Amino acid sequence: MDRVIQTFGLTKYYGGKKVVDRLDLVVPRGAIFALLGDNGAGKSTTIKMLTGLLPADAGQATILDQDCWKSAYALRFRIGYVPERPRFYDWMTVEEIGRFTAGFHRPGYAPRYLEAAQRLGLELPARLKSLSKGGYAKVGLALALAIDPEVLILDEPTSGLDLFTRREFLQSMVQLAAEGRTILISSHGVAELESVASHAAFLSKGQLLLHGTLDELRGRMLRVRVQHDGVLHDPSGLGHVLDHEVAGRQWQAVLLDPDRVALEDLRHRPGVLGLEDAPLKLEEMYTALLARDHRKATNNGTAVVGEPLSLHSEKGDRQ
């Protein structure tokens with residue numbers, strides 16, 4: 001496997017608080033890698049270390065076999081980056097910001113920028129200060145794509161874009177990945193990433209919970225629904241229970257690393273009237289994993305959540 005982005009024990013503190021905690025990631029060439037987590041999970045800080053905007057306090061990050069901090073200048077000609085809140089010289093026009101930025105890049109940047117800007121529907125004479133939030137975001141995308149990057153790092157890239165433009169943009173990422181480019185996307189639009197992402201990683205409070213290809217993740221997480229005649233069966237023996245909900249004579253559980261033998265045994269137990277299981281969608285995985293940090297255990301039979309624990313294991317390292 002050609003490993004394009006790697007982090008080893010990557011750690012960052014802000015004011016004594018650890019915001020990225022010993023992060024180990026591997027992103028292979030051609031992947032569309034979704035970096036997922038709530039606000040404060042450490043996604044943007046991780047991206048800033050990958051793009052050479054922040055030094056790590058411990059560990060290491062490399063892109064294309066170069067240290068992200070020590071080789072930050074050289075990597076800028078090979079990496080396209082769109083921050084969550086880009087800031088430009090607002091008195092410039094859409095065309096002027098591209099020609100200005102071209103002065104810091106290699107030949108060919110300006111025509112590629114103009115092509116990308118027009119493809120995104122931007123009006124070249126428009127002043128940046130007159131653009132909508134979506135228009136401003138499109139300028140950032142065009143500037144990043146104009147590098148003709150080997151690696152594209154996007155922090156909430158579709159924020160402010162309309163539905164059609166978001167879909168068009170995400171589909172363009174598939175084409176870029178097919179050309180051998182590697183794309184890392186941090187986004188809250190979890191559902192729309194499922195159609196394009198090849199890999200995903202879930203972060204919470206600076207720590208990696210789970211990561212892998214989407215196929216691996218679908219194999220590791222399962223939703224089980226059981227109808228019964230009134231006798232409840234404990235789901236704890238079926239795998240690691242992320243969530244457990246009871247409603248009348250039906251209960252469901254979200255399992256990590258389900259025990260298929262135990263599930264088949266449960267299917268045939270007395271009192272079990274029916275058992276269905278299905279893999280989770282990416283948004284459902286996100287909810288099941290991250291809800292643990294936002295809900296307290298209850299004893300009324302709904303939303304029962306166990307103690308926090310690390311879900312990052314060898315099974316999540318098979319990328």
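FYI, it's all coordinate maths here, none of it is from the lab. As the structure is a computational prediction, the values presented were derived from the model and not from experiment. Cβ sites come from the backbone with ideal geometry, for glycine too, and all protein chains shown count toward neighbours.
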| Stokes-Einstein diffusion coefficient of the stretch 88-129, Kirkwood radius over Cα pairs, 10 °C, 1.306 mPa s, in µm²/s | 155
| remark: The number of Lys pairs in the chain whose alpha carbons lie under 24 Å apart, excluding pairs fewer than 8 residues apart on one chain, is 29
| For the stretch 3-215, what are the per-bin percents of Cα-Cα distances with bins 10 Å wide, up to the bin holding the maximum? | 9, 35, 37, 18, 2
| task | Could you tally the net charge around Leu124, taking each other residue with its Cβ under 13 Å from the Cβ of Leu124, Lys/Arg +1 and Asp/Glu -1? | result | 0
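How high is the relative contact order of the stretch 3-215? Use alpha-carbon pairs under 8 Å, at least six apart in sequence, and give a whole percent.
Across the stretch 3-215, relative contact order equals 30 percent.
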| task | Using Cα centres only, tell me the gap between the stretch 129-182 and the stretch 3-78 in whole Å. | result | 20
| message | Test of understanding: given the chain, find the longest segment containing no chymotrypsin sites (Phe, Trp or Tyr not before Pro) that are in a DSSP loop and have at most 12 other Cβ atoms within 10 Å. | response | 105-319
| task | Among DSSP beta bridges lying fully in the chain, give the percent that are antiparallel, nearest 5. | result | 70
| task | Of all alpha-carbon pairs in the stretch 6-79, indicate the percentage at a distance above 21 angstrom. | result | 22
| field | Arg127-Glu283 pseudo-label distance in nm [points 7 Å out on the Cα-to-Cβ vector] | value | 3.9
